[in-house]
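Below is one structure, written out as structure tokens, with a few remarks after it.
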Amino acid sequence: MTNLTPIFVAAALMCGVCAASSTPRFEPGNDLRDFYVGMPVSTMSAEGYKDRICAGDPSIKIAQWSDYASCPRDARGLYAVTFKYDNADNPLARVSDTGEGTAIAGQAVVLTLLIDDKSRLAGLVIVTDPGARLFARRRAHVFGQQVKARFGEDGWVCRNAPPGGNEEAIGPTFINEHCAKVTATRRFILDRKLYRYADRPLRDFVSETRLLILQPELKQDD
């Protein structure tokens, strides 16, 4: 893939812009698989998940969700735990060189749970995996559109920042979008990007999505 010409890479990226029709597969009523904001840690399933690590200190690994207090707190006072899907029995699920089979709607992601002092799931962070293979990474910005489809198109307040520094569009497209949405039970913060740097090869493009789901009384700062 390192021999791709700039024209081919740009064409592949633009195909990704048009490929937002599929919706992420979340369990009905949940925010992500078995998880939903507000659920007690004691009810969180351990089956199907592995590599629980403190986001604030990756040297700390925890065996169970209930060990979350071993992790340092973030700026909001929450305990952040990253993890992966356990797809050991399905080697074909590998979509990333870092996250293995951890993916939503085919997009490799990095997942973090945010747990509060009441032993409840206060939030979730879903970030497209920067270590994903090129085919998946070029579509990372599309995941933001899929998120909107999953959680409802209405109610989002968005702004798209103009290019800064040496950032520039890929073809006609430049995306540096920040969106927020608040419901009675959730606060959603969604950021997605697609652009290139003028002084770097096109293969070093930026294509990413970051979704933060919080209890509505919590703020974005992390």
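By other beta-carbon atoms within 10 Å, ranking F205, F143 with the fewest at the front produces F205, F143. Apply 1/(1 + (r/R0)^6) to the Cβ-Cβ distance of A69 and R133, taking R0 = 30 Å, and write down the FRET efficiency to the nearest 0.05. That pair, A69 with R133, gives E of 0.25. Spacing of the modelled spin labels on D86 and A149, each 7 Å from Cα toward Cβ, amounts to 3.1 nm.
With the cut-off at 18 Å, tell me which of the pairs K84/K219; K61/K118; K61/K84 have Cα atoms farther apart than that.
Flagged as over cut-off: K84/K219; K61/K118.
Length gained on full extension, D199 to C158, computed as 0.36 nm times the residue gap minus the Cα-Cα distance: 11.9 nm. Between the range 169-222 and the range 126-141, the C-alpha centres lie 13 angstrom from each other.
Put in line by how crowded their Cβ is, counting other Cβ atoms within 10 Å and starting with the fewest, W65, W156 read W156, W65. Sorting R120, R210, R138 by the number of Cβ atoms found within 10 Å of their own Cβ, with the fewest placed first, yields R120, R210, R138.
Close amide H partners of I170, meaning residues 5 or more places away or on another chain with modelled amide H under 5 Å apart, are R196. In this label model, N166 and K61 are separated by 3.9 nm, measuring between points 7 Å along each Cα→Cβ vector. Residues in the range 105-120 carry Karplus couplings, in order, of 6, x, 9, 5, 9, 10, 10, 9, 9, 10, 10, 9, 5, 8, 6, 10 Hz; the curve used is 6.51 cos²θ - 1.76 cosθ + 1.60 with θ = phi - 60°, and Gly or Pro positions show x.
Values quoted throughout were computed directly from the atomic coordinates according to the rules given, and no laboratory measurement underlies them. What you see is a predicted model; the values in this text were computed from it and never measured. Here the Cβ is made from the backbone with ideal geometry for all residues, glycine too, and neighbour counts use every protein chain on show.
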